[in-house]
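Undergrad: Below you'll find the structure I mean.
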Amino acid sequence: MDALEALKTRRSIRQYKPTPVPKELIEQTVDCARLAATARNVQPWEFVVVTDAGKRKKLAGITEFGKFIEQSPVCVVVLCQDTKYYLEDGCAAIQNLMVAARALGLGTCWVAGDKKPYAGEIAKEVGAPDGYRLIGLVAMGFSDEKPTPPKHALKDVLHWETYR
């Protein structure tokens, strides 16, 4: 699948087949994540891949809206060093990861982390050292649904020269 098709067809997936995801596909998605744009080339990110069912269940239980992590075969926990632009850098990495996953035939769903009250608990659960912040968790696997939420039309969101 080419990049434009992956970008245009990526959707949040919350239902996954129990099929394990090959390690090579996981590594390809994380490799794309690490190549994301980063302010001043700091590259503050670290990625913890969780495939153990018990650990995923625990992570899912800690989150507010990520209970489906328990059923996804993979959860990628994205952490960043607490640098000036950690949030922007980490979000760019997550976006790259999700688009790469789509291009490889996988579904994903981003679960918020940075501003959530459970952020510290998740970071501790995956063994993150001090000075790292949780950016988000990404459930990943082979989709067992085909969501088609409406998207705003380009003409409704594109402005030339000024907002109005």
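Undergrad: Within the stretch 65-89, track down each residue that is open to solvent by 40 Å² or more (accessible area, probe 1.4 Å), of a type in the set (A, V, I, L, M, F, W, C) and not in a helix (DSSP H, G or I).
TA: Within the stretch 65-89, the first condition is being open to solvent by 40 Å² or more (accessible area, probe 1.4 Å), and the residues that meet it are 65, 67, 70-71, 81-82, 84-85, 87-88.
From what's left, of a type in the set (A, V, I, L, M, F, W, C): 65, 87.
Residue satisfying the conditions is PHE65 alone.
Undergrad: Go through the stretch 90-138 and give me each residue that's without any contact (Cβ under 8 Å) to a residue 60 or more places away in the chain and in a helix (DSSP H, G or I).
TA: Result: GLY90, CYS91, ALA92, GLN95, ALA119, GLY120, GLU121, ALA123, LYS124.
Undergrad: May I ask you to list the residues in the stretch 7-21 that are of a type in the set (S, T, N, Q) and without any contact (Cβ under 8 Å) to a residue 24 or more places away in the chain? If you could, list the steps in order and put the result at the bottom.
TA: We begin by selecting, within the stretch 7-21, every residue of a type in the set (S, T, N, Q); these are 9, 12, 15, 19.
Matches in the stretch 7-21: none.
Undergrad: Still on this model: Report the residue count in the stretch 1-55 for those that are under 17 Å from the mean Cα position of the chain (by Cα), part of a loop (DSSP other than H, G, I, E, B) and closer than 26 Å to ALA123 by Cβ.
TA: Residues flagged as under 17 Å from the mean Cα position of the chain (by Cα), part of a loop (DSSP other than H, G, I, E, B) and closer than 26 Å to ALA123 by Cβ within the stretch 1-55 amount to 10.
Undergrad: Another question, if that's okay. Would you confirm whether or not the stretch 100-116 contains a residue that is among the basic types (Lys, Arg) and open to solvent by less than 60 Å² (accessible area, probe 1.4 Å)? Spell out how you get there, then give the answer.
TA: If we filter the stretch 100-116 for residues that are among the basic types (Lys, Arg), which is where we start, we get 102, 115-116.
If we keep only those that are open to solvent by less than 60 Å² (accessible area, probe 1.4 Å) as well, we get 116.
Yes - at least one qualifying residue is present in the stretch 100-116.
Undergrad: Sticking with this structure for a sec: Need pairs with beta-carbon distance below 9 Å; first residue loosely packed, with under 10 Cβ neighbours inside 10 Å and within the stretch 140-151, second among the polar types (S, T, N, Q); sequence gap 6+ or separate chains.
TA: Between residues of the stretch 140-151 that are loosely packed, with under 10 Cβ neighbours inside 10 Å and residues that are among the polar types (S, T, N, Q), the close pairs are PRO149/SER12.
The values are calculated or read from the model by the stated rules, or taken from the named source; none is laboratory data. The structure presented is a predicted model; accordingly, all values stated were derived computationally and were not measured. Note that we place each Cβ from the backbone using ideal geometry, even for glycine, and neighbour counts take in every protein chain shown. With ligands, DNA and RNA removed, areas are computed over all heavy atoms of the protein, side chains included. Shrake-Rupley method; radii C 1.70, N 1.55, O 1.52, S 1.80 Å.
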